[in-house]
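The values are calculated or read from the model by the stated rules, or taken from the named source; none is laboratory data. Computed from a predicted structure; not experimentally measured. Don't worry about glycine lacking a Cβ; one is built from the backbone with ideal geometry, like all the others, and counts go over all protein chains shown. Remember, those area values only see protein heavy atoms, side chains included, never the ligands or the DNA or RNA. Shrake-Rupley method; radii C 1.70, N 1.55, O 1.52, S 1.80 Å.
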Amino acid sequence: MSKQVNLTINGKQVTAPDGLTVADAAKLAGIDIPVFCHHPKLEPVGMCRMCLVEIGRPVFDRATGQPVMENGQPKIQFMPKLETACTNRISEGMVVLTESEKATDGQRGTVEFLLTSHPLDCPICDKGGECPLQNLTMEHGPGQSRFNYDEKQHLAKHVPLGELIFLDRERCIQCARCIRFQDEVAGEAVLGFDERGRKTQIISISEPGFDSVFSGNTTDICPVGALTTVDFRFGARPWELKAEASICSQCPVGCNTTLNTRREAKAGGEIVVKRVMPRQNEEVNEIWLCDKGRFAYHYTEGKERLTKPMVRKDEKLARASWDAATKFAAENFTANKKDFVVLASGRLSNEDLFNLKSLADTVGGESILYSDMSGGELTQLVGVGAGTNLANMGKGDAILVVASDLYEEAPIWWLRVKQAADRGATLIVANPRQTKLDRFAKYTIRYAYGDELKTIHDFEKKSKISDEFAKANNAVIFYGSEGLGVSGTYGLASACANLLKESGHVGKANNGLVGVWQRANDQGAFEIGFRPAEDLAKALKGKAVYIVGADPVGDDPNLAKALKNAKFVAVQELRETETTAIADVVFPAQAFTERDGTLVSGERRVQRFHAAVPPKGDSKPDYAITSMLAKQMGVILQSASASVVFEILATSVEAFNELSYEALAQVTEQWPFVGRNDMYYGGTTYENTKGLGVQLIPMAQAGGTVRIPKVRKEAALRPKEKELLAVPSNKLYDLGVTVRTAEFLDQRIGEATVSINPATAKKFDVEEGQVVKLSYEGVQAEVAVKIDETIATGVALLPRGMGVAIHEPVVARVQAKSASGKVK
């Protein structure tokens, strides 16, 4: 525990950790000091002067070093002027007055000064109803202004800092919270001040504007209505909104969110999601969200949503009743029991996956996870221990990130790993190319694609890097799938697990292995027993396939071909996709916004999400649809509610034993305190009242036997003279089902590209932006060239999910196209 300091605030005896500011110590004691520029997650700057208070300190005898006593008490000397509570650190015996006449006069004067240049926009301002300036003006400001309205500044009110964030320059009070967040927390200093004095204004200093995946957080911590999102601007008033707890479904971090909803006239009177807000969980996402998690929820809406079951008749899909559709599918699956395959993705909840796995196991079918990444069996053995919190990692600890671009794959992990490095943790980034995490790393390791296992095995040899990793107090490894497929990621996971075991970094908190999965609940799928297939096309060919939450036809022409030759295809999905178009029967599923359930994050934390809006049409939860289908096949599965299915799951899957919805709903006090009652302090982030989740205990921590399988290194591919080694990478904004329908992310998604070294471009006579034709293993695609000096010669980097199917390293041929569009 840190040293404790005793002080007095407004006559109340307060004990707080040494190093806190007066403002934070007061907050900890339940005493509010008004602030604008101060935020507990940012370094203090004392810019706004709203927190002016009187501060007295004990007087010490210079000769003896002892406190001077007066009437049996230490003599307290106050400074002649008010001081800022946000920049002064607490000290033993300090006396603070926040409500004295002198202090309140100072606070009143600050509010009055801010209002001299602030527009009277409250009736139309998006921040109205959750505005710190509005609230503090009512509490601390003057009842009447002494300044003329005509003297107010009139500035631009709709300035796009980027495509997602707008600035109203009249409303800005120059607190610099947004600038400091981007610099200190996000590590992307893309905002700054321009001009001086009364003309000071916020500007974007990046190209493109506000070039950060964390931009939405600035609107949460902005204490006025200066920064607004394109998604919510003039969309609703805060007091009209209802709030429901949820979990982000975009990546394996498992960020805690709040869905704000209201009934919408332009949506035909339906209740819709108006915005996604962060919900505090200091062990997961703290109080932050990435922009993908904030803005990509629109896939749950739209005309393409499936609302009725459909059955193929006369080569066309026609609406049918649930009974007819499930009976039709059941008859075909029963007739092909030996060839029954369930193909499901990590978009599904644990309850959905459990019922699917139960059905497949009962009828003797196969359960396949739709993923290019493996190794979940190893995270079950040596995953991070229960109690892990990256915020507790710092000096003396080590973090290794291998084959993953965390910024593009799991931005909040990128943020928290970067902050651990800021606190002194040894960060090691191993990747064949440069990533944004490199500049925060103490060591960067460059290896050739295909040498991932060798790179990890080299840690067992004597070197400065390996010694520092081995001797670390705590060590965590994040492994990903860049340049790798199913077998390659399994081999990498095995090598990483062995390294952690041999160095003693397993079986305890803040130690272990984390998979940077492609989808939110891939880890949950592994826990329940799903496994990816090395050759998925082969696994599906000639089978009766039940596809849930995946679009293999739209993703890969080889998978499309395999499914066209399947005996029967049933698809369970939210929206119309290329896979639903070829299905024999289609089941409409509910979105995560319309139902309850649980997900398992990459850190193996089980967390609940809740229904926020009514379901669309006749759609049903995935677990309930599977139960209806199973009943037609003579198998009884529970479907009464998600909580009931979870109860059965918890008794059937060892890792979930003793878990319940009640356990997942438990909350404890978190610091800093945030809530909707004092938004000037922590911003508009929601307090967590619905549950912090529970981390599963890995085998190494439970005391079980841990055997790490040895994997042989696969032979590396060797491209010929006119060929390239095409390798997959992962992109945050892609053309996947859950992103491409987001209304405001088009610019960030971009077009399909291939990144190559300048020397490679010269060899193939192509240049930046030129369209080339790539061909490999039945795939032919046209992509635009991007030049990247950090990529090795002879390598072509292809992002997954951009309309070009690539699951693992392949040898590709490249043909340049002339200006006329013809292949050279």
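Of the accessible area of segment 151-300, with the probe set at 1.4 angstrom, what percent is carbon plus sulfur?
Carbon and sulfur together cover 50 percent of it.
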Exercise for the section: Sticking with the crude label model, points 7 Å out along Cα→Cβ, report the distance from Ser463 to Arg233 in nm, one decimal please. Expected result: 4.9 nm
Exercise for the section: Report the label-to-label distance for Glu767 and Glu207 in nanometres (one decimal), using points 7 Å from each Cα along the Cα→Cβ vector. Expected result: 1.8 nm
Problem - Fraction of accessible area attributable to carbon and sulfur, segment 723-816 (%, probe 1.4 Å) - result: 46 percent
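Taking segment 168-207, which GluC sites (Glu not before Pro) meet the DSSP loop condition and have no more than 15 other C-beta atoms within 10 Å?
Glu195
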Problem - Contour minus Cα-Cα distance for Lys3 and Ala448 (0.36 nm per residue) - result: 155.3 nm
Practice task
Counting only heavy atoms of the protein chains, get the accessible area per residue of segment 376-524 (1.4 Å probe) and round it to a whole Å² value.
Solution key: 29 Å²
Exercise for the section: Per DSSP H run of at least 4 residues, take -39500 (n - 2.57); add these up for the chain, divide by its residues and hand me the 222 nm value, nearest 500 deg cm²/dmol. Expected result: -6500 deg cm²/dmol
Fill in the blank from the handout: Residues whose modelled amide H sits under 5 Å from the amide H of Val754, counting only those 5 or more places away in sequence or on another chain, are Ala784, Val785, Lys786
Exercise for the section: Roll a 1.4 Å probe over the protein chains and send me the accessible area per residue for segment 723-816 in Å². Expected result: 42 Å²
Practice task
Pull out the extension gain between Ala391 and Gln666, defined as 0.36 nm times the separation in residues minus the alpha carbon to alpha carbon distance; nm, one decimal.
Solution key: 97.0 nm
Exercise for the section: Sort 493-503, 790-800 for me by packing, meaning the mean count of neighbouring Cβ atoms within 10 Å per residue, highest on top. Expected result: 493-503, 790-800
Exercise for the section: State the percentage of accessible surface on segment 617-702 attributable to carbon and sulfur atoms; use a 1.4 Å probe and exclude ligands, DNA and RNA. Expected result: 47 percent
Handout entry: Förster-model FRET efficiency, 30 Å R0, Tyr149 and Phe744, C-beta, rounded to 0.05
Key = 0.25
Practice task
Provide the per-residue ³J(HN,Hα) series for segment 659-665, in order, calculated from phi with Karplus coefficients 6.51, -1.76, 1.60 and θ = phi - 60°, each as a whole number of Hz, with x at glycine and proline positions.
Solution key: 8, 8, 4, 5, 5, 5, 8
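Highest mean first, how do 85-91, 386-392 rank when packing is the count of other Cβ atoms within 10 Å averaged over residues?
85-91, 386-392
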Completion exercise
Rounded to the nearest 10 Å², the accessible area of Glu101 using a 1.4 Å probe with every protein chain kept is 140 Å²
Exercise for the section: Just the number, please: percent antiparallel of the DSSP beta bridges in the chain, rounded to the nearest 5. Expected result: 60 percent
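Which whole-number value in Å² is the accessible area per residue of segment 255-358, probe 1.4 Å?
I get 37 Å² per residue for segment 255-358.
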Completion exercise
Distance in nm between Lys157 and Arg813 label points, each 7 Å along Cα→Cβ, equals 6.2 nm
